[in-house]
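One structure is given below, encoded as structure tokens.
Just so it is clear, none of the values below were taken in a lab; they were calculated from the coordinates. Here the structure is a predicted model, which is why all the values come from computation and not from measurement. Neighbour counts run over all protein chains shown; Cβ positions are idealised from the backbone, glycine included.
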Amino acid sequence: MQVANANPPIVITVRHEDLTDALRAHAEKAIESLHLDYPRIIEAKVIMDVQKDRHIAEIILFCADHITIQASTESGDMYAALDETSSKIARRMRKQKTRLLKKKRVRPEQSIRHLEERFYDDSVLDHPEESAEDPIPYYVHPEKYRVRELFKEEAIMELELSDRPFVLYTNARRKVRQLVYRRKDGEYAVVDVD
């Protein structure tokens, strides 16, 4: 699981004031402090504006799966405005993740608690009876897997949120059965299954 966003590019814009190194470092620290595993930040924009006695800080996050999260705060101090905006954006990221988890919640009838356990005897094993050593018995636990109609992006999101090594689904656009899995380099691969 991802515990920090892996160095997203940060664009900092300051209006009506000069950008100091301390202000740039504080803005970058505010973005890098967002330690949530979903949604993954692709790019971050920080816009700081000074109007007389008002200091306005706005943070816009462009995340994976076309999610945009935005927050702004007005304060008398730019550093305080950045800190408050950073905490607002963290709350909105948690809210986005909670919404997604509620949508993907496992129903009681789909839970592993309701799986039927079966025991098989030696007649189903594929070995000859005259073998020198006895085979070690094993249990087969059936698991129901419902193949749903999803878009590829939804299947990747479900893969990120589940513990399964793959997701089998019917592509909603092409109407073909596909399998999506994570490769060793961290990228995703999609295979057509016929």
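Normalised by the number of residues in the range 10-103, the mean separation of alpha-carbon contacts (under 8 Å, six or more apart) gives a relative contact order of 26 percent. With both labels modelled 7 Å from their Cα along Cα-to-Cβ, the Val191 to Ile42 distance reads 2.7 nm.
For Lys152, the lysines whose Cα comes closer than 27 Å to its Cα, not counting residues fewer than 8 places off in the same chain, are Lys95, Lys97, Lys102, Lys103, Lys104, Lys144, Lys175, Lys184.
Segment Asp21..Arg92, full-extension length gain: 22.8 nm, with 0.36 nm per residue of separation and the alpha-carbon distance subtracted. Across the range 10-23, coupling constants 3J(HN,Hα) worked out from phi with the 6.51/-1.76/1.60 Karplus curve, θ = phi - 60°, read 10, 9, 10, 10, 10, 10, 6, 6, 8, 8, 8, 5, 5, 5 Hz, and Gly and Pro carry x.
Backbone geometry of the range 153-162 corresponds, through the Karplus equation with coefficients 6.51, -1.76 and 1.60 at θ = phi - 60°, to 3J(HN,Hα) couplings of 5, 5, 5, 5, 5, 5, 5, 5, 8, 10 Hz, x marking Gly and Pro.
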